[in-house]
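Novice: What follows is a single structure, and I will ask about it in a moment.
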Amino acid sequence: MKIVTDPDKMKTYAKIIKKENKLIGFIPTMGYFHEGHTSLIKTARKQSDIVIVSVFVNPIQFGVNEDFDSYPRDTARDEELARACGVDAFFCPKKEDMYPEDYSTYVDVEGLTSGLCGKSRPGHFRGVTTVVAKLFNIVRPDIAYFGQKDAQQAFVIKRMVEDLNMGITLKILPTVREKGGLAMSSRNIYLKGSERKDAAILYSSLKLAEELISSGERDAKKIIKKMRELISTVPAVSKIEYISIVDTGFLKDVAIIGGEVLIALAARVGRTRLIDNVILNVKSEKPENDHDRP
Ligand code: PAF
């Protein structure tokens, strides 16, 4: 496995691969790998000729009071896991090479970034799209892999790729979960003692929403209220930042559920901010008297 820190060297490597007409599969990450990351890498390994993984804790997607400094890092372990998964090139650029002092260009996707996590993390998605655009320009992937756990991020990157004619295929793979249902995340390492077990209530609330919808409920407010009630039974959840049911086109709140919807939430378990979501395809409510239809 090639280990590259210099963006120019990474570019040269990618150019050579391209000349050989080989398909590049790319997994951009912030490292501290868990099974969510390795599942993306393993899928890329099956679908591409060359697999490139980047590890870069991107400072510009963290707010001033967020966890950039304490974000978990273990590059040696990540390297080992990447090698075991058959990665061809491991790209771990330095902050000063990605953002030199005179750096002044940003990519901003409007609209999709205003709600959900965008509301409480202003500037976060601008940081994400900027770094992902830069990484795409360096690595020139044919396919890029992301996890559905960061659903809004996936929608925003998809928009950027389309709007900027990047010509990259995006593959969004299912969230990998711990035994109790908690979505795998590098930030789970922050959870103390029983918090890890308690955090599973977030996924249970999404399952509850799914059950309510299966049994015919279509009123988003009622479903959100029941989800809140369930989560509130666990004192370890110190704050529910949001629970939203939105359409998957514009990520706007829906009142009556029908078609494809994203049910997404963010909450703090102890001091740890966690997110989770499900995407459901919901049949519209059946009229009570089918024969009354025109
Ligand atoms: O999902 C992540 O790990 C990051 O947001 C990403 C896409 C690697 C950009 O820094």
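The numbers here are math on the coordinates, done by the rules we state, and not lab data. The structure presented is a predicted model; accordingly, all values stated were derived computationally and were not measured. Heads up, the Cβs are rebuilt from the backbone with ideal geometry, glycines too, and the neighbour counts pull from every protein chain shown.
Novice: For labels at Ala76 and Lys239 in the simple 7 Å Cα→Cβ model, what's the distance in nm?
Specialist: A separation of 3.6 nm, rounded to one decimal place.
Novice: Of the listed pairs Lys119/Lys149; Lys18/Lys94; Lys2/Lys42; Lys221/Lys283; Lys42/Lys171, which have alpha-carbon separations greater than 20 Å here?
Specialist: Table pairs above 20 Å Cα-Cα are Lys18/Lys94.
Novice: So, one more: Check cross-link reach from Lys9 to the aspartates and glutamates: straight Cα distance under 13 Å, and skip same-chain residues fewer than eight apart.
Specialist: Partners found: Asp97.
Novice: Then there is this: What ³J(HN,Hα) values, in whole Hz, does the Karplus curve 6.51 cos²θ - 1.76 cosθ + 1.60 give for segment 217-230 when θ = phi - 60°, with x put for Gly and Pro?
Specialist: Each residue's phi maps through the Karplus curve to give 5, 10, 7, 4, 4, 5, 5, 4, 4, 5, 5, 4, 4, 5 Hz.
Novice: Once phi is turned into ³J(HN,Hα) by the Karplus curve 6.51 cos²θ - 1.76 cosθ + 1.60 with θ = phi - 60°, what whole-Hz value does each residue of segment 101-106 show in order, with x for glycine and proline?
Specialist: Calculated HN-Hα couplings, in order: 3, 8, 4, 8, 10, 9 Hz.
Novice: Given Thr129, Ile224, Cys85, which one lies farthest toward the positive end of the charge dipole of the chain, if we put +1 on the Cβ of every Lys and Arg and -1 on the Cβ of every Asp and Glu?
Specialist: Among Thr129, Ile224, Cys85, the one farthest towards the positive end of the dipole of the chain is Cys85.
Novice: Enter the angle in degrees (range 0 to 90, nearest 10) between the Cα long axis of helix 151-163 and the first principal axis of the Cα atoms of the chain, meaning the one along which they spread out most.
Specialist: That works out to roughly 60 degrees.
Novice: Might you report the magnitude of the Cβ-based charge dipole of segment 71-173 about its Cα centre, with Lys and Arg at +1 and Asp and Glu at -1, to the nearest 20 debye?
Specialist: That gives a dipole near 360 debye.
Novice: With angles folded into 0 to 90 degrees, how steeply does helix 7-19 sit against the dominant principal axis of the chain? Use alpha carbons for both and round to 10.
Specialist: 90 degrees
Novice: Okay, next question. Return the tail of the calculated pair distribution for segment 194-294, meaning the percent of Cα-Cα pairs more than 16 Å apart.
Specialist: That fraction is 56 percent.
Novice: Could you tell me which of rounded, prolate or oblate describes segment 139-259, using a ≥ b ≥ c as the square roots of the eigenvalues of the alpha-carbon gyration tensor, with rounded for a/c under 1.5 and, failing that, prolate when a/b is larger than b/c and oblate otherwise?
Specialist: It is oblate, given that a/c is not under 1.5 and a/b is not larger than b/c.
Novice: In whole angstrom, how long is each semi-axis of the equivalent ellipsoid of the chain, when you take the square root of 5 times every eigenvalue of its Cα gyration tensor and sort them from largest down?
Specialist: Here the semi-axes work out to 35, 22, 18 Å.
Novice: Give the percent of DSSP beta bridges with both residues in the chain that are antiparallel, rounded to the nearest 5.
Specialist: 55 percent
Novice: Separate question: Return the long-range amide H neighbours of Asp74 (sequence gap of 5 or more, or a different chain), with a cut-off of under 5 Å between placed amide H atoms.
Specialist: Result for Asp74 returns Tyr32.
Novice: Let me ask something else about it. Please give the charge dipole size of the chain, origin at the Cα centre, charges +1 on K and R Cβ atoms and -1 on D and E Cβ atoms. Round to the nearest 20 debye.
Specialist: It comes to approximately 460 debye.
Novice: With Rg and the Kirkwood Rh both taken from Cα atoms, where does Rg over Rh land for segment 11-103?
Specialist: When Rh is taken as the Kirkwood radius, the ratio is 1.01.
Novice: I want to check the label-to-label distance for Lys197 and Asp102. Put each point 7 Å from Cα in the C-beta direction and report it in nm to one decimal.
Specialist: That separation, rounded to one decimal, is 5.8 nm.
Novice: On to the next question. Just the projected area, averaged over all directions, of the convex hull on the alpha carbon atoms of segment 85-168: how many nm²?
Specialist: For the Cα atoms of segment 85-168, the hull's average projected area reads 6.6 nm².
Novice: With the dipole of segment 28-164 worked out from charges on the C-beta (+1 for Lys and Arg, -1 for Asp and Glu) around the Cα centre, which of Gln148, Met30, Val53 lies farthest toward the positive end?
Specialist: Farthest towards the positive end: Gln148.
Novice: Follow-up. Counting other beta carbons within 10 Å of each residue's own, what order do Ile41, Ile16 fall into, fewest first?
Specialist: Placing the least packed residue first, the sequence is Ile16, Ile41.
Novice: Could you size up the charge dipole of segment 5-141 around its Cα centre, putting +1 on the beta carbon of Lys and Arg and -1 on that of Asp and Glu, and report it in debye to the nearest 20?
Specialist: Taking the Cα centre of segment 5-141 as origin, the dipole is about 600 debye.
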